[in-house]
1. Where the second residue is small (G, A, S) and the first is free of Cβ contacts under 8 Å to residues at least 12 places away in the same chain and lies in region 112-136, which pairs have Cβ atoms under 7 Å and are six or more apart or on separate chains?
2. Residues that are over 22 Å from E136 (Cβ atoms) and at pLDDT below 90: does region 59-67 have at least one?
3. Return the total of residues in region 22-48 being in a strand (DSSP E or B) and within 17 Å of A127 (Cα to Cα).
4. Name the residues in region 85-112 that are surrounded by 15 or more Cβ atoms within 10 Å (Cβ to Cβ), modelled with pLDDT of 90 or more and in a loop (DSSP other than H, G, I, E, B), would you?
5. State the number of residues belonging to region 63-77 that are surrounded by fewer than 20 Cβ atoms within 10 Å (Cβ to Cβ) and either at positive phi or in contact (Cβ under 8 Å) with a residue 24 or more places away in the chain (or both).
6. Is one or more of the residues making up region 50-66 over 23 Å from Y11 (Cα atoms) and part of a loop (DSSP other than H, G, I, E, B)?
7. Looking at E5 and the list (1) within 26 Å of A127 (Cα to Cα); (2) modelled with pLDDT of 80 or more; (3) acidic (D, E), which single condition is not satisfied?
8. Tell me, please, whether a residue that is part of a strand (DSSP E or B), within 15 Å of the chain's Cα centre (by Cα), under 21 Å from E37 (Cα atoms) and of a type in the set (D, E, K, R) can be found in region 113-129.
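The values are calculated or read from the model by the stated rules, or taken from the named source; none is laboratory data. Small disclaimer: the values here were computed from a predicted structure and weren't measured. For neighbour counting, all protein chains shown are included, and Cβ atoms are generated from backbone atoms with ideal geometry for every residue, glycine included.
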Amino acid sequence: MAHTEQGPQIYTFDTGNQNQVESIRQDVGYPEYPSAEIARFSPLDGRLLAVSDREGIHFVDMETRQETLYIGRPKIIAFEWTPKGNYVITCEKFNPATEDANLILWNAKTGERALAFEWRNSAKEGASSFKFDDDEKHCAR
């Protein structure tokens, strides 16, 4: 995946075999998110691509090339998947005027908010402040 002014682009790498040369080709047919800043594949199988743009986070199924879920939350600066990909943690710049929760744990299947906290430190570090065990049974912040 590369980032350009057109948003993320998806590429397929063919590592070839003994008689073939490696190749890289750009895939087409995926939704476009021109204002996208961050894109990350789901951790276990890469089946989903989460893309954050000015409007929120879009979840794209890599096989069908369709958006399957959208979480409308503008101003996300950073996000991370949990180890099994069941949740996504987002962080926005803290706004002292509103004191709204800006560090949020989202269910990656339903888009529902699971937990929310106030995070006053650097927003880019906020999403990585959540740490889950490998089974996603426990988390620490």
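1. That search, which allows pairs on different chains as well, returns K131/A140.
2. No: zero hits.
3. We begin by selecting, within region 22-48, every residue in a strand (DSSP E or B); these are 23-27, 38-41, 48.
With the extra rule that they be within 17 Å of A127 (Cα to Cα), the set shrinks to 38-41.
Final tally of qualifying residues: 4.
4. Within region 85-112, G85, N86, A108, G111 qualify.
5. Initial filter on region 63-77 (surrounded by fewer than 20 Cβ atoms within 10 Å (Cβ to Cβ)): 63-70, 72-75, 77.
The next check asks that each one be either at positive phi or in contact (Cβ under 8 Å) with a residue 24 or more places away in the chain (or both); those that pass are 65-67, 69-70, 73, 75, 77.
Qualifying residue count, region 63-77: 8.
6. First, the residues of region 50-66 that are over 23 Å from Y11 (Cα atoms): 54-56.
From what's left, part of a loop (DSSP other than H, G, I, E, B): 54-55.
Looking through region 50-66, at least one residue is over 23 Å from Y11 (Cα atoms) and part of a loop (DSSP other than H, G, I, E, B).
7. (2)
8. Scanning region 113-129, I find no residue that is part of a strand (DSSP E or B), within 15 Å of the chain's Cα centre (by Cα), under 21 Å from E37 (Cα atoms) and of a type in the set (D, E, K, R), so the answer is no.
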